[in-house]
Amino acid sequence: MPVSAASPLLDLVRAALLGHAVGDALGVPVEFTSRAERTANPVTGLRAYGTHHQPAGTWSDDASLTFCLAESLVAHPGFDETDLAARLLRWLDENYWTAHGDVFDVGIATRHALDRLRRGTAPALAGGTSEMDNGNGALMRLLPLVFHATFQHTPSAFAEQLRLTHAAARITHGHPRSAVGCWLYLTVARHLLAGATPSAAYAAMRADAAEFQPTADAVFAAEFASFETVLNGVLPTFTERHVRSSGYVVHTLEAALWCLLTETTYAATVLKAVNLGDDTDTTAAVAGGLAGLAYGEAAIPAEWCGGLVRLPDIEALTVRLARSLESV
């Protein structure tokens, strides 16, 4: 059955994926620039060229790999690790779900993991597992998992949610810290999806983490300590100088949540994320997906949404994903 144009589920899928992609596109031209540079010349909208010399509205690996997961969930609503791994490898090798038919940005850990996949390593073993393998390359691409049935269950499903999160993350990032960071992110998204405000979703995530940690598998339970700043409730009181915006999974989650919790609109949230500097596209993509869920698609400035490269393809993907979810 076709998804209705008035489908609440379609509205949420569109808000999440478009919010994520717009944040990514805002950050692409200034990726790796310093906070001082952004303070002197802040981003206020879509820009062309810059760091990667791409046209305005171009999204990067953050959105590409998020769309790969969305497509995988369309084909396999229950989640298929092998299918997702194949799509990620198609992105790198065949330019699948790229903005302009070429890959212009790929994280080191992700490239190494996909090289292992190409050589025949099983998806569950491809991602690096050392402490140095905790970049944000899994965090940036897992938002569609929030629509999976596992994330709609009661709190008794926490362990299953983390298992699913780890399965999706470990294709490129196999360390348990990455899995925990992604689960915390998806838990905030889950509460936003249910209608909570950003502050209420943040509080609910902290409560869920406090409940889950004592019963989680030891290797994962130990990693909650890495996210102390996220979990102890002080994050909304931080000033910008306390917020780091590097490519480390802990820093990206902190920065994205701080932007969400200290602003009250989609636009202000993603612009604050971009203007933190450093890993601008990923911080803004992670924050943008959450802000999309919090404020809805209508809150995303029309000129930003309309300026996205391959917008019709993204919109068609949202329909396919919503249709597949409604059929489950």
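The values are calculated or read from the model by the stated rules, or taken from the named source; none is laboratory data. Small disclaimer: the values here were computed from a predicted structure and weren't measured. Backbone-built Cβ (ideal geometry, glycine too); neighbour counts: all protein chains shown. Ligands, DNA and RNA are stripped out before the accessible areas are found, and what is left, the full protein with its side chains, is counted by its heavy atoms. Shrake-Rupley method; radii C 1.70, N 1.55, O 1.52, S 1.80 Å.
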*Just one of (1) out of contact with any strand residue (DSSP E or B) (no Cβ under 9 Å at 6 or more places or on another chain); (2) open to solvent by 50 Å² or more (accessible area, probe 1.4 Å) trips up Phe147, so point out which.*
(2)
*Tell me the helices (runs of 4 or more DSSP H) entirely within region 261-328 that contain at least 1 residues that are surrounded by fewer than 17 Cβ atoms within 10 Å (Cβ to Cβ) and at pLDDT 95 or above.*
266-274, 302-306, 311-326
*Output the residue which, of all residues in region 20-45 that are outside any helix (DSSP H, G or I) and among the hydrophobic types (A, V, I, L, M, F, W, C), is surrounded by the fewest Cβ atoms within 10 Å (Cβ to Cβ).*
Phe32
*Check off (1) open to solvent by 10 Å² or more (accessible area, probe 1.4 Å); (2) within 18 Å of Gly137 (Cα to Cα); (3) assigned to a loop (DSSP other than H, G, I, E, B) for Ala86 and give me the number that stays unchecked.*
(3)
*Subset of region 206-246 [open to solvent by less than 50 Å² (accessible area, probe 1.4 Å), in contact with a Phe, Trp or Tyr (Cβ under 9 Å, 6 or more places away or on another chain) and in a helix (DSSP H, G or I)]*: Asp208, Ala209, Phe212, Phe220, Ala221, Phe224, Thr229, Val230, Leu231, Leu235
*Residue that is farthest from Asp62 (Cα to Cα) [pool: residues in region 35-49 that are hydroxyl-bearing (Ser, Thr, Tyr) and more than 22 Å from the chain's Cα centre (by Cα)]*: Thr39
*Test Val3 against the stated conditions and say whether it is modelled with pLDDT under 95, touching a helix residue (DSSP H, G or I) at 6+ places or on another chain (Cβ under 8 Å), part of a loop (DSSP other than H, G, I, E, B) and crowded, with 19+ Cβ neighbours inside 10 Å.*
yes
*under 26 Å from Leu193 (Cα atoms) and either within 17 Å of the chain's Cα centre (by Cα) or of a type in the set (A, V, I, L, M) (or both): does that describe Thr110?*
no
*Where Val243 falls short, out of the listed (1) under 22 Å from Asp133 (Cβ atoms); (2) within 19 Å of the chain's Cα centre (by Cα)*: (1)
*asked:* Return the pair list, or none, for Cβ contacts closer than 8 Å from residues in region 116-127 that are touching a residue at least 12 places away in the same chain (Cβ under 8 Å) and closer than 12 Å to Ala168 by Cβ to residues that are open to solvent by 50 Å² or more (accessible area, probe 1.4 Å) and among the hydroxyl-bearing types (Ser, Thr, Tyr), at least 6 apart or on different chains.
replied: Pro123/Thr82
